[in-house]
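The values are calculated or read from the model by the stated rules, or taken from the named source; none is laboratory data. Predicted model, so just to flag it, every value in this text is computed and none were measured. Note that each Cβ is placed from the backbone with ideal geometry, even for glycine, and that neighbours are counted across all protein chains shown. With ligands, DNA and RNA removed, areas are computed over all heavy atoms of the protein, side chains included. Shrake-Rupley method; radii C 1.70, N 1.55, O 1.52, S 1.80 Å.
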Amino acid sequence: MPFSRLTLVFFCLAALLLGACNPGYQKLLKSGDVNKKYEAAVRYYDAGDYFRAGTLLEDLIPLLKGRPEAEKAQFYFANTNFKQRNYVLGAYYFKQFTDTYPNSVYTEEASFMHAKSLFRDSPGFELDQTNTTSALEVIQDFINRYPESKFRPETESMSQELQKKLESKAFGAAELYYKLRYNQAAVTAMGVFEQNYPASPFIDQADFLRLSAQYAWAKESIESKQRERFLDAVAFYQHYIDTFPQSKNLKLAQSMYDDSRAELERLKAIPGAEAAAAK
């Protein structure tokens with residue numbers, strides 16, 4: 001019996017949240033009185049009841065076409081989706097609002113909320129970042145369109161956070177090549193990462209891993225290719241110590257450099273090695 005009562009209470013509370021236990025709300029849903037319905041939707045919205053407000057507004061929007069309330073109703077409806085964490089729908093309806101009402105008093109905020117919805121929908125850095133790239137484009141468009149906006153500081157903060165996410169994604173992809181011992185691919189990927197994110201906090205590690213992958217690639221290469229690849233390892237070492245003279249990886253880098261120089265001396269002593277390397 002206690003379990004049954006608890007279950008009954010649970011379902012009653014759930015039904016109450018959905019409006020089934022609220023005859024006034026149910027009556028509003030069925031009502032054909034547009035004005036009364038709109039006033040109730042605004043009251044629910046102002047009270048923070050975004051579920052009820054959104055449900056009423058969704059019914060009202062087609063009925064409000066041509067009326068002055070339509071603008072506010074559509075903006076509020078878009079925001080009810082955002083407030084309920086329906087970020088994809090929120091982004092869609094905010095974009096729809098700005099397309100429909102380009103000169104509204106709500107247009108700037110709707111543009112910002114469109115960007116913010118996409119920002120909130122951006123996945124973790126380990127996942128595909130297509131949505132992150134789209135969000136960055138929308139954010140930059142907002143900054144360009146409203147350079148003096150009160151929302152600019154938050155928009156710039158969102159942009160920086162998404163850029164860091166892309167950095168983490170790019171570094172993680174390059175690092176994976178290194179961990180899998182795809183050394184040639186790791187060298188290329190780390191080089192591209194350094195070009196794209198020169199101010200990244202990962203830049204020291206990226207440069208060291210590029211050197212390490214180049215050294216490993218040279219060690220694993222056939223003899224006719226080793227001279228060229230060890231020379232590149234030496235060049236990468238010189239760049240590394242010039243750029244990061246205080247790095248914690250200097251001893252390991254020095255060890256790879258010393259061995260690369262020793263390998264170059266060994267190759268120099270092999271008859272015909274210079275001619276073969278020049279081909």
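For the chain, find the longest principal axis of its Cα atoms and tell me its angle to the long axis of helix 250-268, 0 to 90°, nearest 10.
With both axes taken from Cα atoms, the answer is about 40 degrees.
Highest mean first, what order results for 96-104, 244-252, 38-46 on Cβ atoms within 10 Å? Walk me through the numbers before you get to the answer.
On the way: 96-104: 14.3, 244-252: 12.3, 38-46: 18.6.
Final packing ranking: 38-46, 96-104, 244-252.
How large are Rg and Dmax for the chain when only the alpha carbon atoms are used, in Å?
30.3, 98
Quote the charge dipole size of the stretch 146-208 about the Cα centre in Debye, to the nearest 20; the model charges only the Cβ of Lys and Arg (+1) and of Asp and Glu (-1).
Working: 7 positive and 9 negative charges, 51 e Å.
Taking the Cα centre of the stretch 146-208 as origin, the dipole is about 240 debye.
Give the accessible area for I222 in Å² (nearest 10); use a 1.4 Å probe, count only protein heavy atoms, and leave out ligands, DNA and RNA.
So the heavy atoms of I222 present about 110 Å² to solvent.
Taking only protein heavy atoms and a 1.4 Å probe, what accessible area per residue, in Å², does the chain have with all protein chains in place?
On the way: 16370 Å² over 279 residues.
That works out to 59 Å² per residue.
What value, in deg cm²/dmol to 500, does the helix sum -39500 (n - 2.57) over DSSP H runs of n ≥ 4 give at 222 nm once divided by the residues of the chain? Kindly include the intermediate steps, with their values, before the conclusion.
Working: 14 runs with 215 residues, N = 279.
Only helices count here, giving -25500 deg cm²/dmol.
Which pairs, out of K72/K165; K36/K95; K169/K251; K116/K164; K164/K251; K219/K268, put more than 23 Å between their alpha-carbon atoms?
On the way: K72/K165 35 Å; K36/K95 28 Å; K169/K251 28 Å; K116/K164 16 Å; K164/K251 29 Å; K219/K268 15 Å.
Table pairs above 23 Å Cα-Cα are K72/K165; K36/K95; K169/K251; K164/K251.
Once neighbouring chains are kept in place and the probe is 1.4 Å, which whole percent of the accessible area of the chain is contributed by carbon and sulfur?
Details: 9040 of 16370 Å².
Carbon plus sulfur share of accessible area: 55 percent.
Can you pull the one-decimal nm distance between simple spin-label points at T130 and Q84, each 7 Å off the Cα toward Cβ?
Calculated label separation equals 2.6 nm.
So for F171, F51, what's the accessible-area order with a 1.4 Å probe, most first? Can you show the working numbers first?
Details: F171 15, F51 80 Å².
Per-residue accessible area, sorted high to low, gives F51, F171.
With charges set only on the Cβ (+1 for Lys and Arg, -1 for Asp and Glu), what does the dipole of the stretch 28-182 come to about its Cα centre, in debye to the nearest 20?
On the way: 21 positive and 22 negative charges, 63 e Å.
It works out to roughly 300 debye.
What FRET efficiency do you get for D258 and T100 if R0 is 51 Å and r is their Cβ-Cβ distance, rounded to the nearest 0.05?
On the way: r = 68 Å, r/R0 = 1.34.
E between D258 and T100, to the nearest 0.05, is 0.15.
Treating the beta-carbon of each Lys and Arg as +1 and of each Asp and Glu as -1, no other charges, what is the dipole magnitude of the stretch 157-279 about its Cα centre, to the nearest 20 debye? Display every interim value, and only then the final one.
Values: 16 positive and 16 negative charges, 51 e Å.
It comes to approximately 240 debye.
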